[in-house]
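Asks: Attaching a single structure in structure tokens format; questions to follow.
Just so you know, all these numbers are worked out from the coordinates, no wet-lab data involved. Computed from a predicted structure; not experimentally measured. Glycine also receives a Cβ, built like all others from the backbone with ideal geometry; neighbour counts cover every protein chain displayed.
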């Protein structure tokens, strides 16, 4: 129910798949992201988490908080799944955590394959406190892939959605899929851990795992903490837009719908196991992107505020994506159109009117 997850579920449904979603409803999840689909939400009555609580001083916090409103608590999940598969529903959302190994094993018996997107994603949060990234990326991925291996063996497909950040800085040229993993922040390190586990399962058990590494995604539904939504929302409100360092860091941007198409293209036509890079020709400095968005919104560049750079900030990423192009994928939404869609999405929700000059 997060950003790329919801786009991928929609794309899978569009291609005729029935989808079982597992989502722990963390802060970045939004059930409205699946509002275009015919969906049933259920909460298993028995849930198990490897790391049930965390303690800070005398305070004890549950790691996963599951709201009861709007969801049906079910005791017989297998019956719910069978009813779903015989219904006209697009997706069944199981409100639980991928950290639950027993749950994941139960689900694997009903699916032909897995697309694994479960992750904490905001680099700034990982720098502040990496625990949630260790829990989600490492424990959660291990729980899921081990359940797949034990139930499916060498059958089916397991697609891991990773990130270009696992490769670290690419200051010159572009990296192909054979480049070594050299993460430079805790988020990237957690994602690299997923890839190392994936490769070990391929080598040890023959598990059919393929890895997709997209560059920076943007588009409607992205959490407001991320760079593009923050630019847009701060511009709407007329408040300063913080830009790290000198703003000369370079990123390659892909619209979320194109990312979802690429993920499903690899799932359907890619080799298992393998690694695929996903990129575009839209490479910009961060400062260039901010100025472009401000110009599209008719806002003044005086809103830009350079702030102290974050620790370990990678200067540039760039990927070669010839292998994915060979599957027939390329971005359909150019940066201008994608930004226009994204600006209008946030503007309509915050000021009830479009905000793009045409």
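Asks: For helix 256-269, what angle does its Cα long axis make with the longest principal axis of the chain, in degrees from 0 to 90 and rounded to 10?
Replies: For helix 256-269, the angle is close to 40 degrees.
Asks: Let me ask something else. Can you give the angle from 0 to 90° between the axis of helix 186-205 and the longest principal axis of the chain, with both taken from C-alpha atoms, to the nearest 10?
Replies: 40
Asks: What angle, in degrees between 0 and 90 and rounded to the nearest 10, separates the Cα long axis of helix 3-14 from the longest principal axis of the Cα atoms of the chain?
Replies: 60
Asks: Continuing with the same structure: I need to check one value: relative contact order of the stretch 3-350, counting alpha carbon pairs closer than 8 Å and at least 6 residues apart, in percent.
Replies: Details: 604 pairs, mean separation 61.2, N = 348.
Relative CO of the stretch 3-350 lands at 18 percent.
Asks: Continuing with this model, one more query. Please report the equivalent ellipsoid semi-axes of the stretch 82-229, computed as sqrt(5 x eigenvalue) of the Cα gyration tensor, largest first, in whole Å. Intermediate results must be reported in sequence, preceding the final value.
Replies: On the way: eigenvalues 149, 78, 44 Å².
Result for the stretch 82-229: semi-axes of 27, 20, 15 Å.
Asks: While we're looking at this one, here's another question. Equivalent-ellipsoid semi-axes (√(5λ), Cα gyration tensor) for the stretch 234-327, whole Å, largest first?
Replies: Calculated on Cα positions only, the semi-axes equal 33, 16, 10 Å.
Asks: Please work out, to two decimal places, the log10 of the ratio I(q)/I(0) at q = 0.12, 0.28 Å⁻¹ from a Debye calculation in which every Cα of the stretch 284-348 carries one identical scatterer.
Replies: -0.50, -1.20
Asks: Okay, next question. Using a Förster distance of 30 angstrom, determine the FRET efficiency expected from the C-beta separation of residue 38 and residue 348, and round it to 0.05.
Replies: Working from the Cβ atoms, E equals 0.80.
Asks: Quickly work out the residue 274-to-residue 182 label distance, labels modelled 7 Å from Cα along the C-beta direction, and quote it in nm with one decimal.
Replies: Simple spin-label model gives 2.7 nm for this pair.
Asks: Nearest 5 percent is fine: what portion of the DSSP beta bridges confined to the stretch 3-350 is antiparallel?
Replies: Working: 7 of 41 bridges.
For the stretch 3-350, the DSSP antiparallel bridge percentage is about 15.
Asks: Compute for the stretch 166-265: radius of gyration divided by Kirkwood radius, i.e. Rg/Rh, restricted to C-alpha atoms, rounded to two decimals.
Replies: Result for the stretch 166-265 is an Rg/Rh of 1.03.
Asks: Here's something else I'd like to know. Based on the mean of other beta carbon atoms within 10 Å per residue, what is the order of 162-175, 182-195, most packed first?
Replies: So the peptides 162-175, 182-195, ranked by packing, come out 182-195, 162-175.
Asks: Normalized C-alpha radius of gyration of the chain, against 2.2 N^0.38 Å?
Replies: 0.99
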